[in-house]
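Colleague: First the structure, then my questions, so here it is.
All of the numbers you see were taken from the coordinates with simple rules; none came from a lab. It should be emphasised that the depicted structure is a prediction, and the values quoted were computed from it without experimental measurement. Quick reminder, even Gly has a Cβ in these numbers, built from the backbone with ideal geometry, and neighbours come from all protein chains shown.
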Amino acid sequence: MTPKALKFIVIPACFLGFLACGLRNSEPSSPLPADEIALGKMLFFDPILSLDNSVSCASCHKPAFAFADTVAFSTGVHGAKTIRNTPSAMNVSGRPYLFWDGRSPSLEDQVLHPIANPVEMGFNIQDMMARLQKNSYYQQAFNAIYKQTPSAVLLGQAIAAYERSLETGDSPFDRYMRGDTDAISPAAVRGRELFLGKAGCFDCHFSPDFTGDEFRNIGLFNGKNLNDSGRFHVTHNNSDIGKFKVPGLRNVAKTAPYMHNGMFRTLEEVLAFYNDPATFIPDAIGQDPLIKPLQLTEGEMRDLLEFLHTLTSVSLQ
């Protein structure tokens, strides 16, 4: 497997948020970003994109946790809570669909959704752009990179460029696949065999990022939460009720809690669910035929967990 390039440096969001606040309220004093990725990174960490200047993209996509959040539902403007768990913003450059329901076809389009969402950043796109266009620093930054004034299209392009740079390919598993047989433990090797075979994980979690970019109903939908029936809200196809996008598994040990609703606090709980789904949701509706009790032993569960931990980038360990 060809390793992906690691192109980001983790910088505390609080520091960059402070820097960004300074940029909003004064004449330019910092060097302009050198390229599109640098501009996107600055915008990603800047609360200027939220209605009340309280949250940035990085408020929910925390660098230390593989650009995911640490709670089931993130906090947006005015203390509002999101309705779904925040997914990782890493290793998304190859994704054909974004969000749990796949409503966005590109990273450029995806960027604007949380800005306009009333419980996330809560800012009308036109009003937000008017704010950026009045900011002398960003006026100069956009002109330096694009030879244009700030626009929604260019904002999406810049942040998408930064998100595409958040690729990892330096995990112990990657080293193992490149021939370093000592990179992972014997237990993890056994776990990989389970992942590919008895546990059936590979049926949905394949490709270099361990996702087939498919939508599956894994048995978490029982009809009680009709406001969150997944892919159905996009397609209005009854066969999509309860289906959600299969997430990639790179850095998965860093992105708890899990599932679209954050219902599982640990990977151990996730594996326990797949081992016997009906004990968690006995009245699931429309569950995919692939989802059935795995009947893994406790030792096999430990080995599978050990393998999942090998997917964590060294930069996050």
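Colleague: Over the chain, what relative contact order in percent results from Cα pairs under 8 Å that are six or more residues apart?
Modeller: Worked out over the chain, it gives 21 percent.
Colleague: Determine the relative contact order of the stretch 13-164: mean sequence separation of Cα pairs under 8 Å and six or more apart, normalised by residue count, in whole percent. All intermediate terms of the calculation are to be shown ahead of the outcome.
Modeller: Details: 243 pairs, mean separation 40.7, N = 152.
Value for the stretch 13-164: 27 percent.
Colleague: When a/c reaches 1.5 or more, the comparison of a/b and b/c decides; with that in mind, is the stretch 172-316 rounded, prolate or oblate per its Cα gyration tensor? Please list the in-between numbers first.
Modeller: Details: a/c = 2.18, a/b = 1.74, b/c = 1.26.
The shape class here is prolate.
Colleague: Run lengths n ≥ 4 of DSSP H only: what is the helix-derived mean residue ellipticity at 222 nm for the chain, with -39500 (n - 2.57) per run over all residues, to the nearest 500? Before the final figure, lay out the partial values.
Modeller: Numbers: 12 runs with 111 residues, N = 317.
The helix contribution divided over the chain gives -10000 deg cm²/dmol.
Colleague: Relative to the longest principal axis of the chain, what angle (0 to 90°, nearest 10) does the C-alpha long axis of helix 107-116 take?
Modeller: 70 degrees
Colleague: Kindly identify the stretch 13-164 as rounded, prolate or oblate by the Cα gyration tensor criterion: order the square roots of the eigenvalues as a ≥ b ≥ c, call it rounded if a/c is under 1.5, otherwise compare a/b with b/c, prolate if a/b is larger, else oblate. Don't skip to the end; give the middle numbers.
Modeller: Numbers: a/c = 1.60, a/b = 1.36, b/c = 1.18.
Prolate.
Colleague: Among rounded, prolate and oblate, which fits the stretch 99-178 when a ≥ b ≥ c are the square roots of the eigenvalues of its C-alpha gyration tensor, a/c under 1.5 means rounded, and a/b larger than b/c means prolate? List each step's numbers first, then the result.
Modeller: Working: a/c = 3.09, a/b = 1.62, b/c = 1.90.
Here the stretch 99-178 falls in the oblate category.
Colleague: I would also like to ask the following. Could you work out how far the C-alpha centroid of the stretch 154-209 sits from that of the stretch 83-100, in angstrom?
Modeller: If you average the Cα positions of each part, the centres end up 16 Å apart.
Colleague: Shifting gears a bit: To the nearest 0.05, what FRET efficiency results for ASN222 and SER106 with a Förster distance of 22 Å applied to their C-beta separation?
Modeller: Values: r = 33 Å, r/R0 = 1.48.
Rounded to the nearest 0.05, the efficiency is 0.10.
Colleague: Name the residues whose placed amide hydrogens come within less than 5 Å of the amide hydrogen of GLY230, ignoring near sequence neighbours (fewer than 5 apart) on the same chain.
Modeller: GLY242
Colleague: How tilted is helix 136-146 with respect to the longest principal axis of the chain? Cα atoms for both, answer in degrees (0 to 90, nearest 10).
Modeller: It is inclined by approximately 70 degrees.
Colleague: Still on this model: Mind checking the full-extension length gain between VAL234 and ALA183? Use 0.36 nm per residue of separation minus the Cα-Cα distance, one decimal, nm. Numbers along the way, then the final one.
Modeller: Details: separation 51, 0.36 × 51 = 18.36 nm, distance 4.20 nm.
Taking VAL234 through ALA183 to full extension adds about 14.2 nm, to one decimal.
Colleague: Mind checking the angle between helix 13-24 and the chain's longest principal axis? C-alpha axes, 0 to 90 degrees, to the nearest 10.
Modeller: For helix 13-24, the angle is close to 20 degrees.
Colleague: Under a crude label model (7 Å from the Cα following the beta-carbon direction), how far is GLU269 from ALA130 in nanometres?
Modeller: Distance between the two pseudo-spin positions: 4.4 nm.
Colleague: Order the peptides 242-252, 167-177, 144-154 from the highest to the lowest mean number of other Cβ atoms within 10 Å of their residues. Can you show the working numbers first?
Modeller: Details: 242-252: 23.1, 167-177: 20.5, 144-154: 15.2.
Highest mean packing first, the order is 242-252, 167-177, 144-154.
Colleague: Determine the gain in length on full extension of the stretch GLN317-ALA64; use 0.36 nm per residue of separation and subtract their C-alpha separation, reporting nm with one decimal. Write down the numbers at each step before the final one.
Modeller: Values: separation 253, 0.36 × 253 = 91.08 nm, distance 0.93 nm.
Full extension of this stretch gives 90.2 nm more.
Colleague: To continue, here is another question. How long is the gain from ALA116 to GLN295 if the chain were fully straight, where each residue apart is worth 0.36 nm and the alpha carbon distance is subtracted?
Modeller: Length gained between ALA116 and GLN295: 60.0 nm.
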